[in-house]
Every structure is written in C-alpha cells, then in structure tokens.
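Encoded as structure tokens, the structure appears first; notes follow it.
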Amino acid sequence: MQPLSQVLPPSATTTPEGHLSIGGCDVVALAAEFGTPLVIYDAALLRDTMRRYVQALRAHDPRAEVVYASKAFWAQALLRMAHQEDLRMDVASGGELFMALHAGFPAGKIVMHGNAKDAREIGEALDAMVGLIVVDSLDEIALLDQLAGERGRRQNVLVRVTPGVKPSTHAYISTGQLDSKFGFSLEGGLAAQAVAACRAAANVNLVGLHCHIGSQIFELGAYPAAAALLAAFVKEQGGDDLTVMDMGGGLGIAYTRDDDPPSVEEFADTVMDAVHAEWDAAGLPRPRVLVEPGRSIVGRAGVTVYRVTGTKDIPGVRRYVAVDGGMSDLMRPMLYGATYEAILPDRPEAEATDTLRLVGKHCESGDVLIQEAELPPLARDDLVCIPATGAYGVAMASNYNGVTRPAVVFVEDGRATVVVRRETYAELVARDL
Ligand SMILES: Cc1ncc(COP(=O)(O)O)c(C=O)c1O
C-alpha cells in the first residue's frame, strides 16, 4: 500500500486476503455487489476534512466560514453532510441551487456564483433568499437590481475580482488573471466600476469582494499576493461596506505519488494570516473571511473502480487496456491533460511489471484515462482502481455513447451505503418525446 498511500484515502489498507480495503470495506467485494464503474467515497474522510477546514479557519477568527464548492461533487448525501458540519454552500447555477435547497440547505447559507447567470437563475436565487450573490458582470448588476426591486428585496452581493495573479496551474483552471471570463479585473478599473455600480443600485447591497485565483494550487504564495492587491483595492474604494472577503478555493490534492500538496491547515493559515496582515497594514478593519474549497474536500476521499473489458498489444507500439468507463465518468484527463495513477483492488501490492495505456470505452481516441500506467499484468475482467477521483469526476459525468452514469457509495466503519444509484437504460430515453 505504501507507494500510493498519500493518494488513496488514509483508511486504505490491505485485507488478510490481500485486497484493497477502504473505510473498512473490501473494494473487490464492493465491485461485486454494486457493479462497475463504481465511485467509492470514504465518508469519514469527507467529514474529517470539512471539520479540519472549519477548525483551521476559526482558530484565526471565529467569524470565518467554509463555503463548499458544490460543483466538485454534489450528491445529496454530501450536501447534507456539509450542512451538518456547518459549512456554507457555493452553487454556480440554478440547478446547483435547486440541489442545495433540496438537500435542506438553508438559503441564507448559500452563495450563488456564475459568470452567466440568466434572469431565471437570478430570480430563483432571489426567491429562495440566498445569503449572497457574487456578481460577475456590469449587466448582471443592472439585471439583479431590477429583479430584486420587482420583488421588493435588497440583495447582499460580493463583487468577483480578478486580481491579476496567475497561480502555477493549468490554464483551464486558472481564473485570477486579467484575461478571464470570470470576474472584474483590478487592472483597467473594471473592479472599481463594479463596486460603483453596486453602490449606485438601490436594490443591491454590496457587502464585500470575492476572488478565486484558480484550482489545483500547490504554491500557496499566490494567496498572499492576491490579498495584498485586494487590501489595496478595498482601501482605495473607501467606504465601510466591504466587510466580507471571500478568498475562493483552489487548494490542490495529490493525484499521483509525485504530488505533494500543502495541507488544509497550511492553506487556512496562509490565507487568514495574509488577509489579516494586509488589512492591518492598510489600517482597515479585518474582514469576515470566507473560503470556497471543493477539490480538497472531496478529491482524495473518492476512488473509481473499473472492470477491464479488453486488452490489445500492438507489436512494437504499446499495450492498450480498456475499461468499462472513461470520459463519461472521468473527464479531467481529456479536459486538462490531468494525470492519475491506478492500483489493482485484488492485488494492490503486486509488482508493476507492465507499462500500458489505460483507455475508456468511448468512441474517441482521446478517451485515455492514463497515458502510461505502470501496473501488474492485466486481463479481461480484472478490476482497476483510480484513486483521487472524488472531485470533478462524477460531477462532470455524461451519457456519451449511451453509457449510464455510475453508482456512488459511501463507505465507513465497514458499511457501504449507496448514495447515488446507477443510472438505468430507461433513463437514457426518459426525456425523449
Ligand atoms: C468561484 C469558485 N469557487 C470555488 C471553486 C472551487 O475550487 P477548488 O475545487 O479548486 O477548491 C471554484 C472552482 O472552479 C470556483 O470557480
């Protein structure tokens, strides 16, 4: 187990028969009982990570809040757990808002995001009475003002600022730079215009700023850099209405054994210390700090188990091993060139003697889960487990090629609970008229 131990959930062990076990459950037995592909979450790790975030932030300021970014994984069971653990909820569409409300999340604890909210979504957020709406464009501010006025409401908002900090991560998940579809840039004065527009809008109540610089961040120095720019901006804007500072999410996780991300505590300490130091230095009252982690709460807790459905050796080229899922349940390798490793649930400690390309079942050459996997010999019907698939995995699932979306189970103390059942063929045609 040693080699992949920091990528798998910490509860991962080997059973007496030599199988991979997570949360006290034999992964081979889970695959036999629930079928494959199967997404398995360590429920204790999910809960523990939420608690660590809350504790680490509130050690600096009891007013600090953790807003879970539901886009990373939004099963009802997870949203209910987040509510129990006193988190707030980041939703980025009307659908995510619906799911949070359906899970019993109090609207006042919901933060509504989105760079392209339409009138219906803004109306839904207003009708639900969400706590905060993060505004992303000048026309959105005007529309929100109008829709809130029609309802006799005055909506609390944050202005999403892109500070011009570029963290070292993939361009597709880097959001804090000037040239971004998200937010208002400091450079060029757009952020100042947005603050002025909010202040001028009768039905918009500006309470602070939001800034998400990107995702899968390992170098925490980007946060103090952003905090310095944000504090200077708050000072320049004057007024006493910018009392909330949402610093976004972005903490990275280990996908392969080469990855060594900072801890939740290091992230919390860096963000809180930076905001406090910068606001103190600017002579500003310390803001209420929010952070919005997604990946670092759910990523490591989830693994996906597939069954091998074919092997092929092309002489002098390579060995292909195909599994019963792929880009329909794990898009990240195709979307960002993300790298993963694999482990065999029935012999996690067997020697890796083969180099192979692990591919999915979809009709796309790009449907490659792992370009160069080092694994023991594999044959049809063998199980393969990819760790660290808990974030942006099933959340991005599709029905491409008529593939039904996988079941999701939570495991804890040797018990497995299906929290999302496998999709059926009938559901593939349920919407067709
Ligand atoms: C506005 C916002 N907040 C939070 C997050 C969560 O990021 P992460 O999963 O990297 O923590 C995202 C991710 O896209 C985001 O866009």
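Derivation of every value follows stated rules applied to the coordinates shown; laboratory data play no part. Just so it is clear, the structure is predicted and the values come from calculations on it, not from any experiment. When we count neighbours, we look across all protein chains shown, and the Cβ atoms used for this are built from the backbone with ideal geometry, even at glycine.
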Which residue, Ile141, Cys211, Leu87, has the largest displacement toward the positive end of the dipole of region 44-296 when charges sit on each Cβ (Lys, Arg +1; Asp, Glu -1)?
Leu87
Region 44-296, convex hull of Cα, quarter of hull surface, nm² -> 12.5
Counting only pairs 8 or more residues apart or on different chains, how many lysine pairs in the chain have their Cα atoms under 29 Å apart?
14
Around Ala196, under 14 Å between beta carbons, what's the net of Lys plus Arg minus Asp minus Glu among the other residues?
-2
Once each part is reduced to its C-alpha centroid, what is the distance from region 25-100 to region 326-378 in angstrom?
25
Beta bridge orientation in the chain: antiparallel %, DSSP, nearest 5:
45
Connecting C-alpha atoms closer than 10 Å in a GNM of the chain, tell me which of Thr417, Thr353, Thr36 has the biggest fluctuation.
Thr353
Hydrodynamic radius by Kirkwood for the chain, inverse mean 1/r across distinct Cα pairs, in Å, is 22.7
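Order of Cys363, Cys211, Cys25, Cys198 from fewest to most other C-beta atoms within 10 Å?
Cys363, Cys198, Cys25, Cys211
Counting Lys and Arg as +1 and Asp and Glu as -1, what is the net charge of the other residues whose Cβ lies under 10 Å from the Cβ of Leu290? Walk me through the intermediate numbers first.
On the way: positive: Arg63, Arg88, Arg288; negative: Glu65, Asp90, Asp246, Glu292.
Net of charged neighbours comes to -1.
May I ask you to order 256-264, 305-313 by the average number of other C-beta atoms within 10 Å around their residues, highest value first? The partial results should precede the final answer.
Numbers: 256-264: 15.2, 305-313: 18.0.
Top of the packing list down: 305-313, 256-264.
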Give me a comma-separated list of calculated 3J(HN,Hα) values for region 44-61, in order, Karplus coefficients 6.51, -1.76, 1.60 applied at θ = phi - 60°, integers in Hz, x for any Gly or Pro.
5, 5, 4, 5, 5, 5, 4, 5, 4, 4, 4, 5, 5, 6, 6, 5, 8, 6
Please arrange Asp86, Asp240 by counting, for each residue, the other beta carbons lying within 10 Å of its beta carbon, fewest first.
Asp240, Asp86
Residue-wise, which Karplus ³J(HN,Hα) couplings in Hz belong to region 382-394, taking 6.51 cos²θ - 1.76 cosθ + 1.60, θ = phi - 60°, and x for glycine or proline?
5, 9, 10, 10, 9, x, 6, 9, x, 10, 6, x, 4
Long-range amide H partners of Val67, meaning residues 5 or more apart or on another chain whose placed amide H is closer than 5 Å, are Arg88, Val291, Glu292
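Excluding Val384 itself, what net charge comes from residues whose Cβ is under 14 Å from its Cβ, given Lys and Arg +1 and Asp and Glu -1?
Details: positive: Arg307, Arg319, Arg347, Arg357, Lys361, Arg380; negative: Asp324, Asp329, Glu341, Asp346, Asp354, Glu374, Asp381, Asp382.
Summing Lys and Arg as +1 and Asp and Glu as -1 gives -2.
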If you stretched the chain out fully between Glu187 and Ala430, how much longer would it get, using 0.36 nm times the residue separation minus the C-alpha to C-alpha distance?
82.6 nm
Karplus ³J(HN,Hα) for region 15-29 (6.51 cos²θ - 1.76 cosθ + 1.60, θ = phi - 60°; Hz, whole; x = Gly/Pro) runs 6, x, 7, x, 8, 6, 10, 10, x, x, 10, 6, 5, 5, 5
